[in-house]
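What follows is a short report on a single structure.
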Amino acid sequence: MSTPTKETVAPAAPPQPSAARRVLTGIGVQNSSLIITLIALIVLLSILNDNFLRTNNLLLIGSAITIMGLLALVQTLVIILGALDISVGSMAGLASVISAMVFTSTGNAEVGILAAIGVGIVCGLINGMIIIFGRVNPVVATLAMLATYKGVAQVISDGKSQGYTGGDDLFIFLAKGAIAGLPSLVWVFLIVAALLHFLLKYTDIGRNVYAIGGNDTAARLAGININRYIIGVYALAGVVAAVAGILITARTGSGQPVSGSEGLELQAVTGAALGGTMLKGGRGSIISTVLAVIILGVLDNGMSGLGINPFWQNVAHGALLVIAVVLQQLRSGERRVGLPE
């Protein structure tokens, strides 16, 4: 008698994710949330203000977010490293004054711009060295240097606007020029964003920055020179802050020791945190920060277009920062301070 053979049944293929889920996975949950928020905000403001979606207004938003956006981008890099730079606004103000004063004395815009970038590098290196060799917490160190750089800018400028750059072709192009229909200011922002995105996502330097921010002890044991990265990242922060200061000079036509950079520190941190950059380090995205900066710019423009007191913009930025940090804490699952688990 023959033994009946057991039929083999092929395992069922795993269900394929839907097209919508594949798109969501590719974009990322954080970016998807920001995009939905941005679309909802645009729709609301376009209903409340007929002029909101006009081309001139949209270009105005792009130009307005550039300086704050540059600082938010580099703040993202610093926070991913596991640190913070409270001095970026003051560095921008100092660089603005230097660029205008050097241009006035030499008559050469390129020399003024290079001088400002050089000052930015020096300021960034000072921040990094204080943190490393002074063993000072990054928040305390850069908070102290915020006051220092602001004071230096006020001393050398006597607290007044310096020079006049409104007649120079290069500064005029930076402030009012356009390429392919987009303002020069927007191009500067996009180029810096692209470079930082490439650095973080596609280079060993970026992977090491994430590793240090995620677990500095493990990174040190893996042979990563953490001190070198701290100095390098803060020096890069100084360069980008100097670029922001140069754009302040170009937009205002003079070096601004304080007025053009006041409050930029809060805006930079808000942009990074709203974009999902974990304030404890090790996690963040340049693309998410770009989306968050656009949201802030749309919100500010919408409030101005509706005739809302501009001081409420600071209230909105502070509230958004609190909301972003609270959401980060809830996602992390950490025990709430002072409350039982």
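The values are calculated or read from the model by the stated rules, or taken from the named source; none is laboratory data. Given the structure is predicted, the values throughout are model-derived calculations rather than measurements. As a convention, Cβ positions derive from the backbone with ideal geometry for all residues, glycine included, and neighbour counts pool all protein chains shown. These accessible areas exclude ligands, DNA and RNA; they are computed on the full protein's heavy atoms, side chains included. Shrake-Rupley method; radii C 1.70, N 1.55, O 1.52, S 1.80 Å.
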*Please determine, in degrees from 0 to 90 and to the nearest 10, the orientation of helix 286-305 with respect to the longest principal axis defined by the Cα atoms of the chain, where the helix direction is its Cα long axis.*
60 degrees
*Per the Kirkwood definition applied to all pairs of different Cα atoms, how many angstroms is the hydrodynamic radius of the chain?*
21.6 Å
*Once the other residues with Cβ under 14 Å from the Cβ of Ser90 are scored (Lys, Arg +1; Asp, Glu -1), what is the net sum?*
-2
*Quick one: net charge around Ala219, please, counting Lys, Arg +1 and Asp, Glu -1 for every other residue with C-beta under 15 Å from its C-beta.*
+3
*Using a probe of 1.4 angstrom, how much of the accessible area of region 246-302 is carbon and sulfur, in percent?*
59 percent
*Where the accessible area of region 117-178 is counted over protein heavy atoms with a 1.4 Å probe, how much of it, in %, is carbon and sulfur?*
66 percent
*Any idea what the alpha-carbon Rg over 2.2 N^0.38 Å comes to for region 149-261?*
1.39
*Report the net charge of residues surrounding Val152, where surrounding means a beta-carbon distance below 15 angstrom and charges are Lys +1, Arg +1, Asp -1, Glu -1.*
+1
_Averaging the inverse of every distinct alpha carbon separation and then flipping it gives the Kirkwood radius. What is it for region 37-121, in angstrom units?_
15.7 Å
*For region 100-162: relative contact order, % (alpha-carbon pairs under 8 angstrom, 6 or more apart)*: 22 percent
*asked:* How large is log10 of I(q)/I(0) for region 139-178 at q = 0.32 Å⁻¹ when the intensity is taken from the Debye formula with one equal scatterer per alpha-carbon?
replied: -0.94
*Using the alpha-carbon atoms, what tilt in degrees (0 to 90, nearest 10) does helix 204-214 show relative to the longest principal axis of the chain?*
80 degrees
*Could you work out the helix-only [θ] at 222 nm for the chain, with each DSSP H run of four or more residues adding -39,500 (n - 2.57) and the total divided by the number of residues, to the nearest 500 deg cm²/dmol?*
-23500 deg cm²/dmol
*Compute the acute angle (0 to 90°) between the alpha-carbon long axis of helix 184-202 and the principal axis of greatest extent of the alpha-carbon atoms of the chain; round to the nearest 10°.*
40 degrees
*Hey, what's the chain come to in accessible area per residue, 1.4 Å probe, Å²?*
52 Å²
